[in-house]
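The values are calculated or read from the model by the stated rules, or taken from the named source; none is laboratory data. Everything quoted here is computed from the prediction, not taken from an experiment. In this analysis, Cβ positions are derived from the backbone assuming ideal geometry, glycine residues included, and neighbour counts consider all displayed protein chains. What goes into the accessible areas is simple: the full protein's heavy atoms, side chains included, and nothing from ligands, DNA or RNA. Shrake-Rupley method; radii C 1.70, N 1.55, O 1.52, S 1.80 Å.
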Amino acid sequence: MELYELDLYEASKGIKDKKFSPKELFESCKKRIDSCEDKIHAFITRTDGTAPVTENPNGIFAGVPTVLKDNLCTNGIRTTAASKILGNWKPPYDATAWKYLREAGAVLMGKVNMDEFAMGNTCGNSAFGPTHNPNDISRVPGGSSGGSAAAVSAGYVPFSLGSDTGGSIRQPASYCGVYGMKPTYGMVSRYGLISYGSSLDQIGPFARTIRDLQLVMSVLAQYDPMDSSCFREKNPDFTHNEDASIKGKRIALVKEFQNFTLDAPIAEAMKKTQKVLENNGAVITEVSLPVVSKYAVACYYALAMSEAHTNLERYDGVRYGYTVNDAAGIKEMFERVRSYGFGSEVKSRIIAGTCLTEPSRCDEYYVAATKVRTLIAQEFIRAFGECDFILQPVTPSLPHKIGEEDEDAMKGYETDLYTLPVNLAGLPGLSFFTGYDDATKLPVGLQLIGPRWSDSEILNAGMILERHLGSPKIANGGVK
Amino acid sequence: MSELTFTPVIGIEIHIRLKTDTKIFCACSTDTDAPANTNICPVCMGLPGSLPRLNHNVVEKGMLAGMALHCTVQPRSLFFRKSYFYPDLPKGHQISQCDLPVVADGYIEVHDAEGKLKKIRVNHLHLEEDAAAMHHSASDGRLEGASTSYVDYNRAGMPLGEIVSEPDISSSAEAVEYAMNLQRRVRYAGASDADLDKGMMRFDANVSLKCSDGRWGRKVEVKNMNSFRALERAIEFEIKRQKKILQSGGEVLQETRHWNDAKGVTTASRVKEFYRKFIVEPDLPPLIVNQEWIDRVTAMMPEMPDVRANRYVHDMGLTQEAADILTDDKNTADYFEACVKAGANPVRAANWVRTEVLRVLNEMQKKISEFSIKPEVLAEIVRRVDDRKLSTTQAKEVFDYMCANDSGLDDAVKKLGITEGGVAGNALVEIIANVIKANPDVLAEIQSGKDTKGKKFKFLQGLVMKESKGQAKPQEVVEALTAALKQ
């Protein structure tokens with residue numbers, strides 16, 4: 001067994017028990033990266049040239065390597081959001097989430113790939129080229145946090161951070177066969193996360209065990225005065241508890257979703273998972289989410305694009321990132337910087353956002369969407385009066401092949417139906433591994449969501465599922 | 001056909017810099033004297049990933065300013081993103097409360113053309129961040145045509161309150177009085193220094209004309225006025241310009257115009273405004289102000305200048321004019337009240353402050369807070385005059401000496417050789433004896449009865465006054481000199 005195969009808990013324990021040194025662990029991970037990266041292409045920037053020194057030798061992550069999605073700011077280390085427009089920008093500060101990990105002793109192996117500005121669900125909309133799924137390198141790893149999911153799946157690092165605006169943690173976690181947690185909005189500080197849809201964005205972890213997610217969440221979930229949307233209550237308890245039970249918990253399926261078709265492996269996983277839940281004393285029920293099923297997709301894109309286009313107004317070439325020096329005037333400078341700097345998906349969302357908030361349409365789209373969002377949040381509150389968790393797919397199908405993206409962009413948007421209502425209502429959602437599909441050998445993931453601030457309870461339920469469904473294996477990463 | 005008449009309809013938007021130590025959304029200093037681009041951080045530079053966080057002191061100053069304008073604090077207000085592309089705007093949008101402000105519905109009183117008091121309604125005051133300051137190499141100081149432009153982000157994120165009036169103003173004179181009153185009141189409230197020279201108060205005016213034939217000219221927004229004089233001239237220019245267009249049957253375009261102070265004209269703005277509905281700032285929660293907070297800020301509100309002036313007139317017997325002058329600046333009024341508290345007669349203290357104190361401060365280019373003569377000491381001077389220990393002339397001499405030499409009261413009296421209570425009694429008798437002795441011929445003339453018109457007597461009297469350095473009381477000199485001549 002190689003050291004890189006250890007999960008976060010084992011790696012951290014091994015270092016503390018002096019079974020191996022942080023340097024040995026680092027070298028093992030680096031070797032693993034070196035052997036797979038040609039095939040997977042998860043990194044945008046590698047920072048593993050020399051073994052980094054842990055900032056806190058007594059921290060719970062002392063000496064454990066990690067990677068960050070490249071929309072998390074890292075002091076002095078290039079941060080691109082997978083866009084040309086940021087050029088070689090090196091932030092003068094650390095994102096709070098990374099600061100917390102760093103202070104707990106984690107060491108950085110690099111910044112990983114994503115869809116540009118987190119817009120996309122394939123990790124193919126990147127100025128740095130696509131990332132490949134370590135389970136089958138001809139397939140997409142999902143997105144937008146595809147690099148973070150692939151790096152954990154391929155055994156580069158035991159855990160990583162991504163961000164989720166409409167499913168960008170849960171969908172790649174499911175595609176790559178790892179666990180991914182989208183925390184309650186406000187649970188993790190967004191300070192230093194390059195914004196896409198500010199009211200939807202949330203940072204969260206990827207790992208190969210639920211216990212590891214609990215460890216990372218215990219460090220991430222702290223109040224940060226730098227983010228005004230961050231919770232102020234006392235820190236939630238993410239302590240791993242083997243005795244946690246789901247006995248008597250009501251776990252609901254969404255009535256309206258039953259009409260949608262799922263690929264066979266996912267439908268089977270749903271059945272298998274319900275059985276596990278029932279065998280452990282949970283009660284399977286049904287809730288109705290009519291507004292969610294009808295309007296969530298339209299509502300989500302109206303809000304996300306409206307917020308995104310204002311978040312992206314700052315990229316003008318004046319202060320940082322890509323710029324031109326020979327423009328005839330300021331207008332030409334803005335036009336050239338933004339025309340060259342942004343990729344086509346980002347441009348189309350900026351244009352859509354501009355149109356959705358344009359005065360003659362604003363009430364009909366942006367304002368209407370904010371109202372629908374309130375209805376959606378209320379609908380979930382009502383639903384969680386009738387159940388403790390909702391079980392649903394992450395996506396209706398398994399990862400497709402790279403280059404086989406659907407011609408119809410709107411269909412790509414609709415596959416997000418299972419993930420994005422969670423962001424609209426600010427709920428926590430866990431993407432968990434259920435096993436491998438017999439035919440394709442691809443991992444199959446599902447999703448458990450709960451009311452706001454139920455993150456630790458969801459993880460407890462996830463632990464029981466992991467115990468009965470099994471933990472994912474490290475993917476071969478294209479290496480035979 | 002009767003001659004057409006035009007009624008100006010004017011609304012004013014005033015930006016004031018709210019007086020806080022740090023910026024509105026980050027902890028950077030608001031020091032205006034710092035070298036360019038030194039008071040900056042990821043937040044006010046709008047760096048990717050940074051998030052705004054509201055400075056609650058800014059909210060408090062906004063509430064104080066609003067209360068000073070008789071506004072009501074709104075329990076819930078919101079921040080929005082107001083988008084436009086310009087290098088002075090780090091995020092490409094300004095965070096502003098525009099649509100749902102923290103305070104609303106107030107008024108300021110001004111005098112109309114007939115001298116009657118008139119209320120100008122204040123629609124609201126909203127909080128927002130300032131943009132960076134730009135310096136262009138072009139001769140007209142504007143971006144277009146400049147070969148090089150510099151941006152100083154120290155100003156980005158400075159806290160502003162934008163105060164929007166209803167279109168209740170009918171003349172440039174009313175506009176200026178409105179602006180001056182507003183300045184005085186926000187200064188009183190401690191909400192803003194509103195220093196025009198430092199760009200802490202800036203004006204935009206919306207001007208339109210209502211014509212007696214029923215036509216109503218479109219609203220023209222005039223920007224870039226940085227002094228009361230510019231505000232007055234810009235409005236007058238715009239009224240004249242629009243009148244001319246309407247008189248010739250033309251139509252006034254709805255547009256934004258730029259005031260050129262050097263040329264004294266308004267010109268159509270070359271940049272088209274990008275109108276867009278604002279989206280809610282998702283990084284800031286709604287601003288909730290509870291009653292407890294309102295009560296706390298209300299308790300911080302000082303007495304406003306008009307209320308104070310009324311009190312001076314009714315309780316202290318000052319004239320309205322004196323009361324207005326004293327209350328124009330809060331520190332001056334505080335100084336005056338400290339004098340009165342220290343025992344000075346209010347009317348005489350008021351005269352001293354408004355004439356001598358303000359004159360000296362003006363000469364020395366000092367603020368009253370820097371004035372060397374403390375109010376208690378001025379009260380003592382006033383009292384000594386009342387007690388006839390010092391003549392008014394002497395008191396002024398002493399006062400000037402104290403100002404010039406930074407000396408204490410008793411010290412000044414001594415240095416000036418003043419005998420308190422004046423030269424009288426034996427001292428006076430002695431001076432008279434010496435004067436008579438030195439002028440035997442005059443004495444002889446008087447005693448021989450030739451001084452029928454009393455000229456010679458006046459001559460001696462003058463000499464005595466001179467010898468006493470003006471410290472003898474004229475009546476006593478007459479009496480003592482008469483007595484001495486009879487001997």
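Going by the structure shown, is A:D227 among the acidic types (D, E) and out of contact with any helix residue (DSSP H, G or I) (no Cβ under 6 Å at 6 or more places or on another chain)? Judged against the criteria, A:D227 is a match. Of the residues screened, B:S212 is one that is of a type in the set (S, T, Y), over 24 Å from B:H124 (Cβ atoms) and touching a residue at least 40 places away in the same chain (Cβ under 8 Å). A residue that is among the aliphatic types (A, V, I, L, M), in contact with a helix residue (DSSP H, G or I) (Cβ under 8 Å, 6 or more places away or on another chain) and within 14 Å of another protein chain (Cβ to nearest Cβ) can be found somewhere in the range A:96-105.
Of the listed requirements (1) part of a helix (DSSP H, G or I); (2) of a type in the set (G, A, S); (3) under 30 Å from B:V353 (Cα atoms), B:A484 misses just one: (3). Residue check: is A:F260 modelled with pLDDT under 95 and either open to solvent by less than 10 Å² (accessible area, probe 1.4 Å) or within 30 Å of B:G92 (Cβ to Cβ) (or both)? Answer is no for this residue. Exactly one residue out of A:K90, A:K39 is at pLDDT 95 or above and either within 14 Å of another protein chain (Cβ to nearest Cβ) or surrounded by 18 or more Cβ atoms within 10 Å (Cβ to Cβ) (or both): that is A:K90.
For the range A:346-377, taking the residues that are within 15 Å of A:F117 (Cβ to Cβ) and more than 13 Å from chain B (Cβ to nearest Cβ), the one that is most open to solvent (accessible area, probe 1.4 Å) is identified as A:I351. For the range B:101-129, a residue qualifies if it is farther than 22 Å from B:K19 by Cα and within 14 Å of another protein chain (Cβ to nearest Cβ), but none of them does.
Per the conditions (1) open to solvent by less than 10 Å² (accessible area, probe 1.4 Å); (2) touching a Lys or Arg at 6+ places or on another chain (Cβ under 7 Å); (3) at pLDDT 95 or above; (4) not basic (K, R), the sole criterion not satisfied by B:V220 is (3).
Note on the range B:26-51: among residues that are touching a strand residue (DSSP E or B) at 6+ places or on another chain (Cβ under 7 Å) and open to solvent by 10 Å² or more (accessible area, probe 1.4 Å), the one that is farthest from the other protein chains (Cβ to nearest Cβ) is B:T30. Considering the range A:291-332 alone, what residues qualify as being farther than 20 Å from A:M119 by Cα, within 9 Å of another protein chain (Cβ to nearest Cβ) and in a helix (DSSP H, G or I)? Within the range A:291-332, A:I330, A:K331 qualify. Residue pairs whose Cβ atoms lie under 7 Å apart, separated by 6 or more positions or on different chains, with the first residue in the range B:151-172 and assigned by TED's automatic domain parsing to the domain that holds B:E114 and the second part of a helix (DSSP H, G or I) and small (G, A, S), are B:G161/B:G62; B:G161/B:A65; B:I169/B:A175. Remark: pairs (first residue in the range B:440-458, in contact (Cβ under 8 Å) with a residue 40 or more places away in the chain; second residue surrounded by 13 or more Cβ atoms within 10 Å (Cβ to Cβ); Cβ separation under 7 Å; 6+ apart in sequence or on different chains) = B:L443/B:I436.
The rows are residues; the columns are (1) touching a Phe, Trp or Tyr at 6+ places or on another chain (Cβ under 8 Å); (2) assigned to a strand (DSSP E or B).
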site	(1), (2)
B:K223	yes, yes
B:A230	yes, no
B:R241	no, no
B:L253	no, no
B:R257	no, yes
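(1) out of contact with any Ser or Thr (no Cβ under 8 Å at 6 or more places or on another chain); (2) over 21 Å from A:L200 (Cβ atoms); (3) open to solvent by less than 30 Å² (accessible area, probe 1.4 Å): which one isn't true of A:N476, the others all being true? Only one criterion in (1) out of contact with any Ser or Thr (no Cβ under 8 Å at 6 or more places or on another chain); (2) over 21 Å from A:L200 (Cβ atoms); (3) open to solvent by less than 30 Å² (accessible area, probe 1.4 Å) is unmet by A:N476, namely (3). Of the residues making up the range B:275-294, not a single one is part of a helix (DSSP H, G or I) and within 24 Å of the chain's Cα centre (by Cα). Here B:M67 clears all of (1) in a helix (DSSP H, G or I); (2) open to solvent by less than 20 Å² (accessible area, probe 1.4 Å) except the condition numbered (2).
Of the residues making up the range A:45-73, those that are in contact with a strand residue (DSSP E or B) (Cβ under 7 Å, 6 or more places away or on another chain) and surrounded by fewer than 24 Cβ atoms within 10 Å (Cβ to Cβ) are A:T45, A:R46, A:T47, A:D48, A:P52, A:T54. Scan the range B:70-82 for residues that are open to solvent by 10 Å² or more (accessible area, probe 1.4 Å) and either under 19 Å from B:A131 (Cβ atoms) or at the interface with another protein chain (Cβ under 10 Å from one of its Cβ atoms) (or both) and the total you get is 2.
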